Amino acid sequence: MKLSPLQWLFVTAVIVVVAVAASPTADTPPAAAAAAAAAVKAEDDDDDESIFPFKALQLYNTVAGYLEYIFDIVIAPLTGGESNKKQTTSRVSYKKFQIIRVLPSDEDEVLDIEAMSEEPGVQVWMPIRLNKTADLVLPPSVARDVKRFLTQREINFIVLSSDLEKSINKQNPKTPSIDQKSELKATKGHVMTWNRYHRYQDILDYLMYLSENYPHLVELLPIGKTVEDRPLKVVKISSGQTRENVVKPAIWIDAGIHAREWISPAVALFILRQLVENKSYRTLISEVDWYILPMINADGYEYSHTVDRLWRKSRKITAKNSGRTLWDMSYGCEGVDLNRNWDWHWAGVGYSQDPCSDTFAGSHAFSEPETRAVSDFILDHKDRIQVYLTLHSYSQMWLIPWGHTKKQADDYDDMMYLARQATEAIQKVHGTQYQLGNSPSLLYATSGCSDDWAKGKAGIKYSYSIELPDKGMYGFLLPAEKIVTTGKEIFTGVKSIAKSILKINSMKEKTKLKE
């Protein structure tokens, strides 16, 4: 393809940006650059040099964004050319990043840790609270100074991982070869297993397999598409059997609203498999209908597989709708936290107005196609859905509304009773304990969340958010070998909830007959 002089100028500028971004001194002062150079020199020789360092990737995206903007408004109109609006696909490396766990013992230590968490590149995985452990990710540029600071202040901490990239690489087994996939499909009819975290296309293929092989039980209900045009499909599981004048209750389960929480869609799929393919649970299907959406944030999930393992938000590019701004030209400023985007006390607490924040709530409630699609479907079926379950990770908690306030709902005791039965059933499987309570008490206050919306707006009495394992040893990187163990535990809890609902409905019917 022949380029005009102006286009060549633009290409040359981008090449310069890449060269500058690759330099360890690109965005650091001399002292920090020297430290970075020393760190690079100490790294293993066999590391993948095609992976951008995290800061270089930030710089590249920022400067390239400005150049793209100049191209769009100045050069493109003159040449008829178009810039490539796709974000870089270079994988983010977390090499030499560390995960530490801190335990503040007084309010001054809480403030010290909060101030430290504002350092560039630091991620807070678990909230910083008095006498509670908090998990933080430290980039190599600040890790040594942060640990020195904590030691000087005599703040307790331990290192959970000294190289986050190595931990990431250990989480998921290697992708099966083409021959292995062919063998799986030939013997099972699909490539889905429960010993690895699968890509979204594998998930969709498995849903199609279930609908084709169990048409009397499974119906796929398309409810919309993501920003990047991926289909969202709810799986309805029903025997179709009904008693005269009795409407079957329904239970909703969703997962994957946060991209990096891989265990949640895996567990949703495990539950789906048990209900459909295990004949032992036909009673649950004959008496209860199930709506399961294994993946809400399909775009972010794919991005977490291909680019940034720790990506949380969706992948909406704000500039496409609202015009370019300074903040959405740097890496990390794409997307919306889909669990802050629901129309229940939206933008109240525990959210951010900054598009670059992991908790950016969007421009308004239900600004995102994913949350709109799910909420529309639930509202259309709210008269039958008696339980709302949303799967997250991590911390092993069974959370009860409300999330935006410490004030308990009027029927808090009713919700707590069913949840306590479920968590006790879970504990009997492998001894795993789940904490019970609302988010402000156990984690932090949040607004615009799906479980609160399901109860407050859709009127679903029993609405819960389940934070899956673990308690922080692996965090968001729970090994794939834990999928089956976790799936069995949660399915046991879900069965307990279903049986409780059936008992409640039975008691209501008996009461009506007596009246």
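Taken over segment 267-304, the criterion of being open to solvent by 10 Å² or more (accessible area, probe 1.4 Å) and touching a helix residue (DSSP H, G or I) at 6+ places or on another chain (Cβ under 7 Å) is satisfied by Gln274, Tyr281, Leu284, Glu287, Glu302. Within segment 496-515, residues that are more than 17 Å from Asp383 (Cβ to Cβ) and open to solvent by 100 Å² or more (accessible area, probe 1.4 Å) sit with their Cβ atoms under 9 Å from residues that are modelled with pLDDT under 95 and of a type outside the set (S, T, N, Q), at 6+ positions apart or across chains, in these pairs: Lys499/Leu284. In segment 433-453, the count of residues that are more than 25 Å from the chain's Cα centre (by Cα) and of a type outside the set (Phe, Trp, Tyr) is zero. Evaluated against (1) in contact with a strand residue (DSSP E or B) (Cβ under 6 Å, 6 or more places away or on another chain); (2) modelled with pLDDT of 95 or more; (3) surrounded by 15 or more Cβ atoms within 10 Å (Cβ to Cβ); (4) not hydrophobic (A, V, I, L, M, F, W, C), Thr133 falls short on exactly one condition, (2).
Taking each residue of segment 280-294 that is free of Cβ contacts under 8 Å to residues at least 60 places away in the same chain and looking for partners that are charged (D, E, K, R) and surrounded by fewer than 20 Cβ atoms within 10 Å (Cβ to Cβ) with beta-carbon atoms closer than 9 Å, six or more apart or interchain, yields Ser286/Lys248; Trp290/Lys236; Ile292/Lys236. In segment 109-121, is there at least one residue being in a loop (DSSP other than H, G, I, E, B), open to solvent by less than 20 Å² (accessible area, probe 1.4 Å), over 17 Å from Gly475 (Cβ atoms) and modelled with pLDDT of 95 or more? No: zero hits.
The number of residues in segment 429-444 being among the small types (Gly, Ala, Ser) and surrounded by 19 or more Cβ atoms within 10 Å (Cβ to Cβ) comes to 1.
Only one entry of Leu210, Leu221 meets the criterion of being over 18 Å from the mean Cα position of the chain (by Cα), surrounded by fewer than 23 Cβ atoms within 10 Å (Cβ to Cβ) and either more than 16 Å from Ile483 (Cα to Cα) or in contact (Cβ under 8 Å) with a residue 60 or more places away in the chain (or both), and that entry is Leu221. Of the helices (runs of 4 or more DSSP H) lying entirely inside segment 259-317, those carrying at least 2 residues that are under 30 Å from His216 (Cα atoms) and not small (Gly, Ala, Ser) are 263-277, 282-287. When segment 378-411 is filtered for residues that are open to solvent by 20 Å² or more (accessible area, probe 1.4 Å), assigned to a helix (DSSP H, G or I) and touching a residue at least 24 places away in the same chain (Cβ under 8 Å), only Leu379 remains.
The values are calculated or read from the model by the stated rules, or taken from the named source; none is laboratory data. It should be emphasised that the depicted structure is a prediction, and the values quoted were computed from it without experimental measurement. Cβ atoms come from the backbone with ideal geometry, glycine included; neighbour counts cover every protein chain shown. Calculation scope for accessible area: heavy atoms of the full protein, side chains included, ligands and nucleic acids excluded. Shrake-Rupley method; radii C 1.70, N 1.55, O 1.52, S 1.80 Å.
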